[in-house]
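Report on one structure; see the data block that follows.
The values are calculated or read from the model by the stated rules, or taken from the named source; none is laboratory data. Since the model is a prediction, treat every value here as computed from it, not as a measurement. Cβ placement follows ideal geometry from the backbone for every residue including glycine, while neighbour counts extend to all protein chains displayed. The area values use the complete protein model at the heavy-atom level, side chains included, leaving out ligands, DNA and RNA. Shrake-Rupley method; radii C 1.70, N 1.55, O 1.52, S 1.80 Å.
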Protein chains: 2
Amino acid sequence: MTDLPSVSLALDDQLCFKLYAASRAVTRAYKPMLDQLGLTYPQYLVMLVLWEWHACAPHLPTVKALGERLLLDSGTLTPLLKRLEQLALIKRRRSAADEREVHLSLSEAGQALRDRVQPLKARLLCDSGVDLSHADALRQGLDQLLRQIRALL
Amino acid sequence: MTDLPSVSLALDDQLCFKLYAASRAVTRAYKPMLDQLGLTYPQYLVMLVLWEWHACAPHLPTVKALGERLLLDSGTLTPLLKRLEQLALIKRRRSAADEREVHLSLSEAGQALRDRVQPLKARLLCDSGVDLSHADALRQGLDQLLRQIRALL
DNA sequence: GTTAATCATATTGTGTGCAATTGAATTGCT
DNA sequence: AGCAATTCAATTGCACACAATATGATTAAC
């Protein structure tokens, strides 16, 4: 029977709320840029992974590998990937070697889209006026928090 | 024609992704506790605001006031509040003075629920092993980021 | 004192997130 | 080989988020 500390329930004291609010605010800040690209925010994250994969990895990513990278499951990814396929940005192909897997690849248009992102994101970063070293410290802090939470399973 | 800086598109460099991933991870960490309370995470945040309001404010909050506090709009809040009303945790009453407004108040059960949260959250905080000063620094950093983004409109 | 503009909430539609289940394919064990 | 356990994707159902629109109420302009 250990003594539990008393805990604040004030909204402004909640790290969880700040995280939730800041995450949605950042997504909103990306909206004008993403509208120009015709992507939603999660679709943009998927494209980031596929661009990165396309540049360095020797084999195509599966839905599972993508999900591990983004911490999303097939219930979220399957319909999202179908929309990206409808937009002709990606291709989905059932693996011949293991028919349970679906391999993902970029179309020409999907590859080309990357070139349009760079200047838009640079402009967004400039306009936001966010201090780079401050943002970096925040990113590292979030990384540490994420690892701790994932350690709890 | 200003020169735009070159920007990384690597997923791990993106503050936005760390924020998005950490926010969802924290929500998952709250899930066992919230399941015991019969609440979803956004519903829990609404209850935090109503408990706080109930304790100090002289008048009942409206949907609008709640939305300003949580940065959510009526499209999200209206159905969520109806579910909380179905759970008999809150009451919704159209204002007599201004029929555009809906005033929110806690039921007896809604007030009583607060007492069950305190120990559950203390236990969660203990088990998480998150360093308090670290969490506090993170919270302040997020606060600053949130203010900067909101300043962009 | 109408009329126009504004305001607060509700509704609709699209796109996530995520738990739970399904179903097909593969692997492991014997 | 045969069968149970596991794996991967898809599906289903529910609850957000949020843009866009609608509706009714209030305020402001004239």
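A few points about this structure:
- Of the trypsin sites (Lys or Arg not before Pro) found in the range B:53-153, the ones in coil according to DSSP and having at most 13 other Cβ atoms within 10 Å of their Cβ are B:Arg100.
- Solvent exposure of chain B, expressed per residue, is 54 Å² of accessible area, with all protein chains present and a 1.4 angstrom probe.
- Position B:Asp35, label points 7 Å along Cα→Cβ, spacing to each other copy in nm (shortest first, one decimal): 4.0
- Comparing Cα centroids, the range B:46-119 and the range A:64-109 end up 41 angstrom apart.
- For chain B, the longest principal axis of the C-alpha atoms and the axis of helix B:41-56 are separated by about 60°.
- For the range B:12-94, the fraction of 1.4 Å probe accessible surface lying on carbon and sulfur atoms is 54 percent.
- Computed over the range B:11-114: relative contact order in percent, which uses C-alpha pairs under 8 Å that are six or more apart: 22 percent
- Here is how far apart the A:Lys82 label points are across copies: 2.6 nm, shortest first, using a point 7 Å from Cα toward Cβ.
- Label 7 Å beyond Cα on the Cβ vector: A:Leu153 copy-to-copy distances, nm: 5.1
- Which listed pairs, of A:Lys82/B:Lys31; A:Lys18/B:Lys18; B:Lys82/B:Lys121, have C-alpha distances above 22 Å, in listed order: A:Lys82/B:Lys31; B:Lys82/B:Lys121
- The C-alpha atoms of chain B define a longest principal axis, and helix B:108-128 lies at about 30 degrees to it.
- Using a probe of 1.4 Å on the protein chains alone, the accessible area found for B:Thr27 is around 40 Å².
- Helix A:132-151 and the long axis of chain A differ in direction by around 90°, with both axes built from C-alpha atoms.
- Phi to ³J(HN,Hα) by Karplus 6.51 cos²θ - 1.76 cosθ + 1.60 over the range A:67-77, Hz, x for Gly, Pro: x, 5, 5, 9, 6, 10, 9, 5, x, 8, 6
- Taking all protein chains together, A:Glu108, B:Glu68, B:Glu52 sort by accessible area into A:Glu108, B:Glu68, B:Glu52, largest first [probe 1.4 Å].
- Residue list for the range A:69-99, given a label point 7 angstrom along the Cα-to-Cβ vector of A:Ser107 and an amide N cut-off under 18 Å: A:78-94
- Closest approach to the axis - chain B beta-carbon, rotation onto A, Å: B:Ser23, 2
- Rounded to whole Hz, the Karplus (6.51, -1.76, 1.60) HN-Hα couplings of the range B:16-24, x for glycine and proline: 4, 6, 4, 5, 4, 5, 5, 4, 5
- Pairwise FRET efficiency - A:Asp98 versus B:Arg147, Cβ, R0 = 45 Å, nearest 0.05: 0.35
- Cα-based shape type of chain A, given that a ≥ b ≥ c are square roots of the gyration tensor eigenvalues and the cut on a/c is 1.5: oblate
- Taken across both chains, chains B and A shield about 6100 Å² of accessible surface from a 1.4 Å probe.
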